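A.B. asks: A single structure is presented below for examination.
The values are calculated or read from the model by the stated rules, or taken from the named source; none is laboratory data. Quantities reported herein were computed from a predicted structural model and do not represent experimental measurements. Backbone-built Cβ (ideal geometry, glycine too); neighbour counts: all protein chains shown. Please note that ligands, DNA and RNA were not included when accessible areas were found on the heavy atoms of the full protein model with its side chains. Shrake-Rupley method; radii C 1.70, N 1.55, O 1.52, S 1.80 Å.
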Amino acid sequence: MRLKSWGHAIIVMVFALVTNSSFASALRIAGPHAERVHHTSIDASLDTKKHRINASMTLRWRNTTNETLEQIPFHLYLNAFSRTDTTFMTESNGGRLRNDTREGDAKANFGYVQVSRITLGNGQDLMPNWTVDEDIASLKLPQPLAPNDEIVLKMSFTSQLPKVFARSGHNGDTFNFVAQWFPKPGVYSDGRWVNHRYHANTEFFADFGNYDVNITAPSDFIVGATGYLAQKSVAGELTTHHYKAEDVHDFVWVADSKFAEVTDTWNGITIRLLHQKPLSEKSIQNQFAAAKASFSWFDEHVGAYPYATMTLVQPPKNAGGASGMEYPTLVTTITNLDYSEYMHAPAMVTIHEIGHNYWQGILASNEFEESWMDEGINSYTEGRIMEEALKQKNIVQFSHFGADMPTMHHVQSARVPTLDRVKTDGWKYIDRTSYRNNSYSKPATILNTVERVWGKDMMDSLLKQYYKQWAFKHPDTQDFIDIAATLDAKMAAYLDAALNSLATIDVKVALAVSEKKEEAGGYALQVGTKEPTFTEPKKTDAFQHTITLVREGELYPPILNVLITYDDGETETRQWHMDGDIPWLTWRWESDKALKEVMIDPTFKLLVDKNLSNNIKRAKGNSNESWRWAISLFQTIQHSFSLILPL
């Protein structure tokens, strides 16, 4: 800015230093991209001793529905941590989530958000119209709000961060992760308000809008937030960070005096890493490589990232509950980012969380009711990014043994009983294991199966068309299936059955027999002869083979290959054309060599198969022992992996 005089400049430098961000806009690709339902302005001040935010908010909210509305519901997510008897606390067994546990009943472990003032833009008091029920609230409007009309609300609120064990909170020291921290309106969708409670097995759903947020914190604290830094003003011991974000459905921020900061860029995206000290240069570059691999892969296979920034946040070791989470243009990594040649979790989790910025951040499906649309699709694409863009196929690698993400997801999915449909409200699964499986591993395994049966090009077409048609529009499961139907009707029917029913599949070799062919013998019965002649049966040099293949369940593809191996090592591949009415097939034939082994689906296209160990059978002896050992080993690795990853 231009200063009128040197005297004025000195005064400004003493009392407030103002710097403009190098970012010109929150968007890398000019918008608007979404229907902007609201414009939210917040002035927030962080008390780092109490881990408390005092804030004022101006919400300009537009009725984009076709109905006249008489009330607006709000989420007060932090109230889930206000008492031990909230829905979240009860469903999480007193505060246990993703291998993290609430530390105890001390006051510092609880949190809340409390609204102290609500007025219209003209100052009319609306507090008598405000009702609160645990972590949801409702505002009765002073007069009905017609379609396309706007209302301006001014609020004052206090957000007390809990000791972090589930996404939001502090670590009892300098780390403050401020997520789901302000009163957030629900979403009016398909003739109803979607404003569910904060359940242990659900995440979030919100409308798109613009955010203009001032965050004031001690000057020795590094702050990161959704969007871009428009301006930073230093006044003594306090600094105000002015962030702006466009076409996003949430706004989060983090503050910690112990962060180190490093930045990199990729095709117009500024990537900022806020990490704990010390962290090796190789580990830092591994994080940037993961981010760039993600953006590159999505640009090629799905669609472009429209925002200009991405902030990666490494929580400290005693704040693991905040790790592995996704928010618009800001994600948290796992706490241990040290590079390893054997375990590639630091890169994989960062790829996973950045992927959420597409499937949840941009497409913005309803995570309360259809969590698979974010977590499941993302779990599928993370494996492809690891292999195709990062060039790291296996998530774990020990000598010649490795396990890739499709295998890990298959093992997890296969070991969990099929008791719930994939498409189920998050709080209605039988238990958290079923929620995790049906949100992450099972839909990833379904999509990996679709890719292998119908081809990678077909899968890319599905993802591209889905992204192109539904970005920023809150799609549901049927919308995804409808896109698939425009490409291949059988693929769409398969997805429908896999996602909306309890259908399963197990294919197996029920019988594999190979014996020497006998030259027929016995009595030769002829009319008119008194005594029939007898010839003794005898073996020949030929072999006769019998194979019986069986499928149990309805989730079968149109065709599966069957690999037949003979004793001399020669092989042949036959095709099993699945018949909807007959769940088995028997082949009988003869050859001049003995049959050694039969294997259904040798290239593992049908990853939804509940039991791969019975896909192979020897004509003599038992070939299943090595398969049982391998599956058991994968299960052990998968279980160990689940304990360290914040999924």
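A.B. asks: Collect the residues in region 92-115 that are open to solvent by 80 Å² or more (accessible area, probe 1.4 Å) and out of contact with any Leu (no Cβ under 8 Å at 6 or more places or on another chain), keeping them in residue-number order.
C.D. replies: Across region 92-115, the qualifying residues are ASN93, ARG96, GLU103, ASP105, LYS107, GLN114.
A.B. asks: Which condition does THR65 not pass, out of (1) open to solvent by 40 Å² or more (accessible area, probe 1.4 Å); (2) part of a loop (DSSP other than H, G, I, E, B), if it passes all the others?
C.D. replies: The single condition THR65 does not satisfy is (1).
A.B. asks: Consider region 516-553. How many of its residues are modelled with pLDDT of 95 or more and among the acidic types (Asp, Glu)?
C.D. replies: 1
A.B. asks: Just to confirm my filter: which strands (runs of 3 or more DSSP E) fall fully inside region 72-157 and include at least 1 residues that are among the aromatic types (Phe, Trp, Tyr), under 33 Å from the mean Cα position of the chain (by Cα) and within 24 Å of LYS317 (Cβ to Cβ)?
C.D. replies: Per the criteria, no element qualifies.
A.B. asks: Residues in region 161-174 that are open to solvent by 20 Å² or more (accessible area, probe 1.4 Å) and closer than 15 Å to SER82 by Cβ: how many?
C.D. replies: Looking only at that region, the number is 1.
A.B. asks: Right, here's the next one. Given the conditions (1) within 15 Å of the chain's Cα centre (by Cα); (2) closer than 17 Å to ASP496 by Cβ, which single one is not true for SER441?
C.D. replies: (2)
A.B. asks: Is there any pair with a first residue in region 118-144 that is farther than 23 Å from ARG62 by Cβ and in contact (Cβ under 8 Å) with a residue 24 or more places away in the chain and a second that is open to solvent by less than 40 Å² (accessible area, probe 1.4 Å) and part of a strand (DSSP E or B) whose Cβ atoms are under 8 Å apart and which are 6 or more apart or on different chains, and what are they?
C.D. replies: VAL132/VAL115; ASP135/HIS75
A.B. asks: Could we say that ASP250 is assigned to a loop (DSSP other than H, G, I, E, B) and closer than 24 Å to ALA364 by Cα here?
C.D. replies: Considered against the rule, which asks whether it is assigned to a loop (DSSP other than H, G, I, E, B) and closer than 24 Å to ALA364 by Cα, ASP250 comes out as yes.
A.B. asks: Do the conditions hold for LEU363, that is, is it at pLDDT 95 or above, out of contact with any Asp or Glu (no Cβ under 6 Å at 6 or more places or on another chain) and under 23 Å from SER257 (Cα atoms)?
C.D. replies: For LEU363, the condition - at pLDDT 95 or above, out of contact with any Asp or Glu (no Cβ under 6 Å at 6 or more places or on another chain) and under 23 Å from SER257 (Cα atoms) - is not met.
A.B. asks: Based on this model, can you work out whether GLU367 counts as under 22 Å from ASN210 (Cα atoms) and either charged (D, E, K, R) or open to solvent by less than 10 Å² (accessible area, probe 1.4 Å) (or both)?
C.D. replies: Against the criterion (under 22 Å from ASN210 (Cα atoms) and either charged (D, E, K, R) or open to solvent by less than 10 Å² (accessible area, probe 1.4 Å) (or both)), GLU367 qualifies.
A.B. asks: While we're here: Would you call ALA347 in a helix (DSSP H, G or I) and in contact (Cβ under 8 Å) with a residue 24 or more places away in the chain?
C.D. replies: The answer is yes for ALA347.
A.B. asks: Check off (1) in a helix (DSSP H, G or I); (2) at pLDDT 95 or above for ILE430 and give me the number that stays unchecked.
C.D. replies: Failed condition: (1).
A.B. asks: Further question: Specify the residue that is surrounded by the most Cβ atoms within 10 Å (Cβ to Cβ); the eligible residues are those in region 238-286 that are farther than 30 Å from HIS33 by Cβ and of a type in the set (D, E, K, R).
C.D. replies: Looking at residues that are farther than 30 Å from HIS33 by Cβ and of a type in the set (D, E, K, R), I get ASP256.
A.B. asks: Just to be sure I understand the filter: pairs with C-beta atoms under 8 Å, separated by 6 or more residues or on different chains, first member in region 220-240 and within 17 Å of VAL178 (Cβ to Cβ), second member of a type in the set (Ser, Thr, Tyr) and at pLDDT below 95. Which pairs pass?
C.D. replies: LEU229/SER21
A.B. asks: If I ask for residues that are open to solvent by 10 Å² or more (accessible area, probe 1.4 Å) and small (Gly, Ala, Ser), which ones from region 397-440 would you list?
C.D. replies: SER399, GLY402, SER413, ALA414
A.B. asks: So which helices (runs of 4 or more DSSP H) stay within region 456-559 end to end and still have 3 or more residues that are aromatic (Phe, Trp, Tyr) and open to solvent by less than 70 Å² (accessible area, probe 1.4 Å)?
C.D. replies: 456-470
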